Amino acid sequence: MTDVKPTASHYVDGAYLDDADGQPFDVIYPATGETLATVHAATKAVTDAALDAATRAQAEWAALSPRSRGRVLTDAARIMRERNRELSIIETHDTGKPLQETLVADATSGADALEYFGGIANGLTGEHIQLGDDWAYTIREPLGVCVGIGAWNYPTQIACWKAAPALACGNAMVFKPSENTPLAALKVAEILTEAGAPPGLFNVVQGMGEVGGRLITDPRVAKVSLTGSVGTGKKVYSAAAAEMKHVTMELGGKSPMLVFDDADIENAVSGAILGNFYSSGQVCSNGTRVFVHRSVKEQFLDRLAKRLATAKLGDPLDEETNFGPIVSQQQLDIILGYVARGKEDGARLVTGGARLDKPGFWMSPAIFADVTDDMTIAREEIFGPVMSVLDFNDEDEAIRRANDTPYGLSAGVYTQNLARAHRVIRKLHAGSCFINSYNDAPVEVPFGAVKQSGVGRENAKAAIEHYSQLKSVYVRMGDTEAPF
Ligand code: NDP
């Protein structure tokens, strides 16, 4: 039996820590509304302790050989895999996501990141540049203490996607989870300690935006990596810019998925289901504007509604359940507000969109058809299980309308014409794209956005550029010549 209650609110300097002076807030299980525990927001004493510990640990950690650092990360990955079921149960209590999902998408994805960056740690080198007799070389150095701030949809994965490249490069981290999901990151910290990370290398402090704000502006911090909404991203980016700190911003989106008349409709329906209803639609890269060629629209909607009717809502701990609750009452109210707005604006509600009469934060997954580009539900990120289906007549029109958004996280294309698939993808303004698939995010592939959806990249070798800096060293082999 997994005890999901945290040992204490924070994890600082290699151990659990609490400070009852911090503002208390409840950890609520979204599936039932039950309070699982109460944790405290970090006081200044706690954030100071975390930043001091991280500063100390970073110096010690950066002095280790990259191979030794890598081994700690790969050991942590192994422990995460061994404890996958326990961690998945905790993730399910944190977020409400069904165990069927968390068993394969959360601790496992976190372990993938730790394993990947642990594996490449000893290959992170500078370069040698020959300049005639003189030469130069570069040294890849860590940034220092990094702050990670997470959203609530993937608390284990977000903590690991930030920690793994940061630590591989020789940095330390202070991580603040979303106040909605304080449990999972504590386990990541515990596992890193068990794997041999020095005390203070990865710290977790709880709290609301105010705690994040305090961390960002602290002079001990060199970099901030945020996963959150565009609105929060703008605040965090400007606070970091005031002190010229490095940033990575993984923000929201309103991504398009294009279904052409030559698509395999069953596959396209699968992509639309994955890209709108997995994790109850609480996924940043979701393809929430589904543009379907007019000639196949009714066939697409018919299959979509029939397949959605087979979704199994229920106890997230039952491994047959494949659709869970929304993370909080507040988020549920926001989503239902968008459903009402869609109806008011004249979109056709094909199915779903109703609050379910049971404890916890439940709604049925919603599909709107006949959505037009100007409707609020087609313009704003809803971050819930609400799909908007729009129809189009030709390729150029679909591309133009798909790009007509300030966001640019993801885009997908369903077609069996491969020339068209590559041509269209090249013209779509998005960082993470899919052809005849949706929402795959393996650690080997860079993940990130263009336009207002973000800055920088997570995962893959690309993430290394965002957690390290180069020192250039010029070496003169002869005399130094001066004009006087
Ligand atoms: P928010 O932007 O509300 O919050 C994100 C995090 O930032 C939370 O930990 C929050 O704390 C913290 N925060 C809020 N205000 C500040 C501030 N002024 N200074 C510092 N930190 C602050 O996002 P949500 O948690 O609601 O998550 C949903 C959003 O995240 C969606 O827009 C989604 O698209 C995006 N997202 C992006 C992903 C990506 O990789 N691109 C992946 C997953 C989600 P608290 O909430 O505790 O107050």
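Given R71, R67, R85, R81, which one is buried (at least 17 other Cβ atoms within 10 Å of the Cβ), in the same structural domain as R214 (by the TED database) and more than 20 Å from V174 (Cα to Cα)?
Step by step, each of R71, R67, R85, R81 is checked, and only R71 is buried (at least 17 other Cβ atoms within 10 Å of the Cβ), in the same structural domain as R214 (by the TED database) and more than 20 Å from V174 (Cα to Cα).
Working only within the range 462-484, note down all residues that are in contact with a strand residue (DSSP E or B) (Cβ under 9 Å, 6 or more places away or on another chain) and free of Cβ contacts under 8 Å to residues at least 12 places away in the same chain.
Residue satisfying the conditions is E465 alone.
Can you pull out the residues in the range 147-181 that are closer than 23 Å to V230 by Cβ and of a type in the set (S, T, N, Q)?
If the condition is that a residue be closer than 23 Å to V230 by Cβ and of a type in the set (S, T, N, Q), then N153, Q157, S178, N180, T181 are the ones that fit.
Applying the selection to the range 218-239, what residues are farther than 18 Å from P142 by Cα and not charged (D, E, K, R)?
Within the range 218-239, L226, T227, G228, S229, V230, G231, T232, G233, V236, Y237, S238, A239 qualify.
When both residues are 6+ apart or on different chains and their Cβ atoms are under 7 Å apart, which pairs have a first residue that lies in the range 179-199 and is assigned by the TED database to the domain that holds L167, and a second that is among the acidic types (D, E) and part of a loop (DSSP other than H, G, I, E, B)?
Correct list of pairs: P199/D13.
Considering the range 450-477 alone, what residues qualify as being within 15 Å of the chain's Cα centre (by Cα) and closer than 22 Å to M173 by Cβ?
Listed by number, the residues that qualify are G454, V455, G456, R457, E458, N459, A460, A463.
Go through (1) more than 27 Å from H246 (Cα to Cα); (2) free of Cβ contacts under 8 Å to residues at least 40 places away in the same chain; (3) within 16 Å of the ligand (Cβ to nearest atom) and name the single condition D404 misses.
(3)
Any chance you could count how many residues in the range 156-189 are closer than 13 Å to V72 by Cα and charged (D, E, K, R)?
Selection size over the range 156-189: 0.
Specify which of the listed residues (G281, G271) is among the small types (G, A, S) and either within 13 Å of the ligand (Cβ to nearest atom) or under 23 Å from W362 (Cβ atoms) (or both).
It is G281.
Can V445 be described as more than 13 Å from P256 (Cβ to Cβ), within 16 Å of the ligand (Cβ to nearest atom), without any contact (Cβ under 8 Å) to a residue 40 or more places away in the chain and under 19 Å from the mean Cα position of the chain (by Cα)?
Criteria met by V445.
In the range 293-319, how many residues are in a loop (DSSP other than H, G, I, E, B) and either closer than 30 Å to D3 by Cα or small (G, A, S) (or both)? Break it down into steps so the answer makes sense when it comes.
Of the range 293-319, the ones in a loop (DSSP other than H, G, I, E, B) are 309-312, 314-319.
Next, from what is left, pick out any that are either closer than 30 Å to D3 by Cα or small (G, A, S) (or both): 309, 311-312, 314-319.
Residues meeting the conditions: 9.
Please count how many residues of the range 114-159 are among the hydrophobic types (A, V, I, L, M, F, W, C), in contact (Cβ under 8 Å) with a residue 60 or more places away in the chain and under 21 Å from H246 (Cα atoms).
Of the residues in that region, 10 qualify.
Can you find even one residue in the range 112-133 that is touching a helix residue (DSSP H, G or I) at 6+ places or on another chain (Cβ under 6 Å), in a helix (DSSP H, G or I), farther than 19 Å from G196 by Cβ and of a type outside the set (A, V, I, L, M)?
Taking every residue of the range 112-133 in turn, none turns out to be touching a helix residue (DSSP H, G or I) at 6+ places or on another chain (Cβ under 6 Å), in a helix (DSSP H, G or I), farther than 19 Å from G196 by Cβ and of a type outside the set (A, V, I, L, M).
When you scan the range 152-167, do you find a residue that is at positive phi and at pLDDT 95 or above, even just one?
Among the residues of the range 152-167, not one is at positive phi and at pLDDT 95 or above, which makes the answer no.
Go through the range 301-319 and give me each residue that's surrounded by fewer than 23 Cβ atoms within 10 Å (Cβ to Cβ) and in contact (Cβ under 8 Å) with a residue 40 or more places away in the chain.
L301, A305, A309, A311, L313, D315, L317, D318, E319
Of the residues that sit in the range 253-262 and are within 25 Å of I377 (Cα to Cα) and either in contact (Cβ under 8 Å) with a residue 40 or more places away in the chain or of a type in the set (G, A, S) (or both), which one is nearest to the ligand (Cβ to nearest atom)?
The extreme case among them is G253.
Find the residue count for the range 325-352, including only residues that are within 16 Å of the ligand (Cβ to nearest atom) and under 16 Å from A369 (Cβ atoms).
The qualifying residues number 1.
The values are calculated or read from the model by the stated rules, or taken from the named source; none is laboratory data. It should be emphasised that the depicted structure is a prediction, and the values quoted were computed from it without experimental measurement. We place every Cβ from the backbone using ideal geometry, glycine too, and count neighbours over all the protein chains shown.
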